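To start, the structure under review is shown below, and the notes come after it.
What follows is calculated from the coordinates using simple rules that are stated; it is not laboratory data. Model, not experiment: these values are computed from the prediction. All Cβ positions, even for glycine, are placed from backbone atoms using ideal geometry, and neighbour counts span all protein chains on display.
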Amino acid sequence: MTCTIRHAAGAGAPDLALDILDSAGWTPEHDEDGNKAFRSPDGNLRVCWGPETRAYHSRGPLWTITYTPGADETPDGGWDASFGDNTPVELIAALLRDLVSGEPLDVDRAEFCPNPVPAP
C-alpha cells in the first residue's frame with residue numbers, strides 16, 4: 001500500500017461520492033455514454049460526473065455541481081462548482097454529504113438554525 005496526503009491522492013472511484021446521492025433519494029439521470037447525474041428532490045441542484053461529456057473531452061471539468069433557484073427563490077442566487085479529473089473523490093463526497101444533510105444555514109450566518117427548514 002502507498003499512502004500520500006489527501007489533496008495529492010488523485011481521483012479515486014466516483015461511486016464513493018455518487019452513492020451518497022443515491023442513498024439520499026436523489027433522482028438519477030444517467031445516459032448511455034456512461035455519464036452519471038443526480039438531481040435533488042426539489043429539482044434545483046444537479047450533480048454530474050461526466051467522463052464522456054463534450055466539455056470534459058475539451059479539457060473541461062469531470063464533476064459539475066449546479067444550483068438553479070426555484071420559482072419561489074431569489075433568481076440571482078444560483079451557483080456552480082466544478083472539479084477536474086484529479087480531484088480526490090473524498091473531497092467531493094464531503095461536499096455532497098453536507099449538501100444532502102438537510103441541515104439549514106442562517107442566510108446571514110449570524111446564528112445557528114436549530115430546526116430543519118420545511119421542504120417546499
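Largest first and in whole Å, the equivalent-ellipsoid semi-axes of the stretch 1-82 read 25, 15, 15, each the square root of five times a Cα gyration tensor eigenvalue. A dipole drawn for the chain from +1 and -1 charges on Cβ atoms has a positive end, and of GLY34, VAL107, ALA11 the residue lying farthest that way is ALA11. Here GLU103, GLU32 are placed in order of increasing Cβ neighbour count within 10 Å, fewest first, which gives GLU32, GLU103. Note on the chain: GNM, Cα springs under 10 Å; of ALA11, ALA24, ALA71, the largest mean-square fluctuation is that of ALA71.
Against the empirical 2.2 N^0.38 Å (N residues), the stretch 34-100 has a Cα radius of gyration ratio of 1.16.
Spin-label pair ASN35-ASP80: with each label point 7 Å from Cα along the Cα-Cβ axis, the two points sit 1.1 nm from one another. Estimated purely from DSSP H runs of n ≥ 4, each contributing -39500 (n - 2.57), the mean residue ellipticity at 222 nm for the chain is -5500 deg cm²/dmol once divided by its residues. Over the chain, what relative contact order in percent results from Cα pairs under 8 Å that are six or more residues apart? Normalised by residue count, the contact order of the chain is 23 percent.
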